[in-house]
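Read the structure below first, then the notes.
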């Protein structure tokens, strides 16, 4: 088949205008209420944050489904990416070009195990979150084609936060829980770590190549656990022991996965260390207290839900905890700053800023090579030599 010069030039124009990767990479979020930004709003579940005073300091001053007074950790990471916040996967507005931004699949109440959070009834468990990720990729391929969709997913940043609910809302949910009768705590930790490894491997198999994995914070120091299980308002020792067993084993699993898939594929974020900095010396970070929640009731404001009837602090920036378990926006910003620029004590094998810079350079090189291939293809059509 012969091409006219006009046809060849038309191909050249199309090739040169083929969409490059967007300046802000896609961002995908998986996990629990620490990173849910509204999926549970669309579900019949009690694990919801779609009523005041949640969202009191959000830009909209409305409850959005985030378990925060304002923005949460994924929102703040999106700011660092130079992007708008990802939409919840269940949000009907997630369509068209919004798919290029990414998606948030997280659901409050979930854990590593499918039986975690059963009291919340209708939540998006991890198997379902991964199924949604597959459906999302089908929609992305329909929008931009298979090759570009694959590049977007491979080049995305992924955040996953799991583990806390497997202790709080499973093993220690009630005295003599099913899991606590089935496993001694060290055996339970080994079990959930082995299940978590399967989830992380599945993410890799589905195309994730840069995954930020947060460990659990000092679970026993949450206002709810201080109120229910602490001694004289101190941190609950059972939950502290659980976190101290869980986090090192998770780090070892990430090392094992990186040994197979390449260093830095999975980045370990030491949430325990970041939170404990606040708890041991809140004044150093501008907080008045790390013991009490801003919104709640009972001892440490740690009992019950945060509702219109709760005690509500006047200065949210003075508190590490917004409600019984979740950080304020100010605390979340400090947490993210450590993930972005912290030392190996906080994030390893490299911090997020270094990872993003490395990826940006690699993407520039890959895009330059794609451009050269397009130029060579067009040159062959018009019988010209490739330009230097």
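Quick look at the values:
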item	result
Label point distance in nm, residue 178-residue 350, each placed 7 Å from Cα along Cα→Cβ	4.4 nm
Segment residue 130-residue 231, length gained on full extension (0.36 nm per residue, minus Cα span)	32.4 nm
Two-site label geometry, residue 50 and residue 255: point separation in nm, points 7 Å out along Cα→Cβ	4.4 nm
Cα gyration tensor category, rounded, prolate or oblate, for segment 36-77 with a/c compared to 1.5	oblate
Calculated FRET efficiency for the pair residue 122/residue 317, C-beta based, R₀ 30 Å, to 0.05	0.30
Among [x] 27, 54, 15, 4, 0; [y] 28, 57, 15, 0; [z] 25, 48, 21, 5, 0, the entry derived from the coordinates for P(r) over Cα pairs in 20 Å bins from 0, in percent	[x]
Highest-MSF residue in the chain out of 220, 234, 163 [GNM, Cα springs under 10 Å]	234
Fraction of antiparallel bridges per DSSP, segment 238-388 only, in percent to nearest 5	75 percent
Residue 380 versus residue 305: modelled label distance in nm, points set 7 Å from Cα along the beta carbon direction	6.3 nm
Prolate/oblate/rounded label for segment 210-251 (Cα gyration tensor, a/c 1.5)	prolate
Mean separation of Cα contacts under 8 Å, 6 or more apart, over the residue count of the chain: relative contact order %	16 percent
Theoretical gain in end-to-end length, residue 98 to residue 360 [0.36 nm per residue, Cα-Cα removed]	92.2 nm
FRET efficiency estimate (nearest 0.05) - Cβ-Cβ, residue 24 to residue 372, R0 22 angstrom	0.35
DSSP bridge pairs, segment 24-350: antiparallel proportion in percent, nearest 5	25 percent
Range of Cα positions in segment 37-175 per principal axis (Å), largest first	52, 33, 26
Nearest 10 degrees, 0 to 90: helix 126-144 Cα axis against the chain principal axis	20 degrees
Gaussian network model of the chain, Cα within-10 Å springs - most flexible of 194, 332, 251	194
Span from the segment 129-206 Cα centroid across to the segment 80-119 one, whole angstrom	13 Å
Stretchable slack from residue 79 to residue 114, in nm (0.36 nm times residue separation minus alpha-carbon distance)	9.4 nm
Computed helical MRE - 222 nm, the chain, DSSP H runs ≥ 4 contributing -39500 (n - 2.57), nearest 500	-13500 deg cm²/dmol
C-alpha center-to-center spacing [segment 317-388, segment 294-315] in angstrom	38 Å
The chain: most fluctuating residue of 348, 68, 177 per GNM, C-alpha cutoff 10 Å	177
Shape call, segment 274-334: gyration tensor on alpha carbons, a/c limit 1.5	prolate
For a label point 7 Å along the Cα-to-beta-carbon line of residue 241, residues of segment 182-196 with backbone N under 13 Å	184-189
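Values in this text are rule-based calculations from the coordinates and carry no lab data. All values reported here derive from a predicted model rather than from experimental measurement. Cβ sites come from the backbone with ideal geometry, for glycine too, and all protein chains shown count toward neighbours.
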